[in-house]
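Working notes, structure below.
The values are calculated or read from the model by the stated rules, or taken from the named source; none is laboratory data. Keep in mind it's a predicted model, so treat the numbers as computed, not measured. Positions of Cβ are generated from backbone atoms using ideal geometry, with glycine treated the same way; all protein chains shown enter the neighbour counts.
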Amino acid sequence: MKKEKITYRYYRYNGKVLRAKREIPYEVKILSRLMLDELCFKWNQEKMKEAINSAIDRGDKETFIKLSKQYKRYMYE
């Protein structure tokens, strides 16, 4: 794994300001990606449940069947 890089600014007396960039560690990148994926998954799952429940309340069988087929992707079993 790459080591963490430090950000420095070098100011020359004659010329432009150079800016060095700091690289984000791989562990932080993967952890943030996994957290965002889980949040999106849970949000989509809740929205799908709400849509299914409203279809049941309305008595709309066709919409219920269509949404329940899509909801199968959100089941872990």
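Data table
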| read-out | value |
| --- | --- |
| All positions within segment 42-61 that are at negative phi and either free of Cβ contacts under 8 Å to residues at least 12 places away in the same chain or surrounded by fewer than 10 Cβ atoms within 10 Å (Cβ to Cβ) (or both) | Lys42, Trp43, Glu46, Lys47, Glu50, Asn53, Ser54, Ile56, Asp57, Arg58, Asp60, Lys61 |
| Test: residue in segment 32-55 that is under 30 Å from Lys5 (Cα atoms) and among the basic types (Lys, Arg) | yes |
| Residue that is modelled with the lowest pLDDT [pool: residues in segment 19-41 that are surrounded by 10 or more Cβ atoms within 10 Å (Cβ to Cβ) and either in a loop (DSSP other than H, G, I, E, B) or touching a Cys at 6+ places or on another chain (Cβ under 7 Å) (or both)] | Ala20 |
| Some residue of segment 5-16 being modelled with pLDDT under 75, β-branched (Val, Ile, Thr) and either more than 30 Å from Tyr71 (Cα to Cα) or in contact with a Gly (Cβ under 7 Å, 6 or more places away or on another chain) (or both) | yes |
| Residue check for Arg73: closer than 30 Å to Thr7 by Cα and surrounded by 10 or more Cβ atoms within 10 Å (Cβ to Cβ) | no |
